[in-house]
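The values are calculated or read from the model by the stated rules, or taken from the named source; none is laboratory data. These numbers come from a predicted model, not from an experiment. For neighbour counting, all protein chains shown are included, and Cβ atoms are generated from backbone atoms with ideal geometry for every residue, glycine included.
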Amino acid sequence: MLTEAKDTDLPQIEEWIKADPYHKDDARNQATFLQTGSGLLTFCLTDDQGPLCYVRLDAEGEVMRLATQFAPESEVSKRRLVHGLLNEGIPAIIAFGKENGYKGIVFESTSPTLIAFMGKLGFKSVGGVDYQLTFEGTNV
């Protein structure tokens, strides 16, 4: 389920950032960045047990840039996260992008696990640390 990322979620997002080896030392990663009302679309992906991750989409030319803060594995298992992403999160993001005329999604990562997972969904390297999924029938 996609829910609003509220002020009350900020302490949790801050803790998740601190626990994330890929985000904790990057000054760009602030909890308020992932608060609903920012970007094109910002939300919390949840299941019946609680939050799985926080997501923000921003316009970047003809594509949307995806930023995500995942829960630590000690709080959310990879199985729960993958289930939520495959069944709800990624389909909702793709539908939102297509409905709003975007041609794809791009994200930045240095995490081998995330890059491999997203590669299985069709994301391809576009240089540096960026990976992009181009929607069918579009050229970017």
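Listed values, structure above:
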{"read-out": "In the stretch 104-119, the residues that are in contact (Cβ under 8 Å) with a residue 24 or more places away in the chain and buried (at least 18 other Cβ atoms within 10 Å of the Cβ)", "value": "GLY104, ILE105, VAL106, PHE107"}
{"read-out": "Boolean, ILE105 is within 13 Å of the chain's Cα centre (by Cα), among the hydrophobic types (A, V, I, L, M, F, W, C) and farther than 25 Å from GLN12 by Cα", "value": "yes"}
{"read-out": "Leading residue by the ranking (nearest to LEU86 (Cα to Cα)) among those in the stretch 19-58 that are in a strand (DSSP E or B) and more than 14 Å from the chain's Cα centre (by Cα)", "value": "ASP47"}
{"read-out": "Checking GLY101 against (1) within 15 Å of MET1 (Cα to Cα); (2) at pLDDT 95 or above; (3) assigned to a loop (DSSP other than H, G, I, E, B), the condition it does not meet", "value": "(1)"}
{"read-out": "Enumeration of residues in the stretch 72-102 that are of a type outside the set (S, T, N, Q), surrounded by fewer than 15 Cβ atoms within 10 Å (Cβ to Cβ) and closer than 22 Å to GLN12 by Cβ", "value": "PRO72, GLU73, LYS78, ARG79, VAL82, HIS83"}
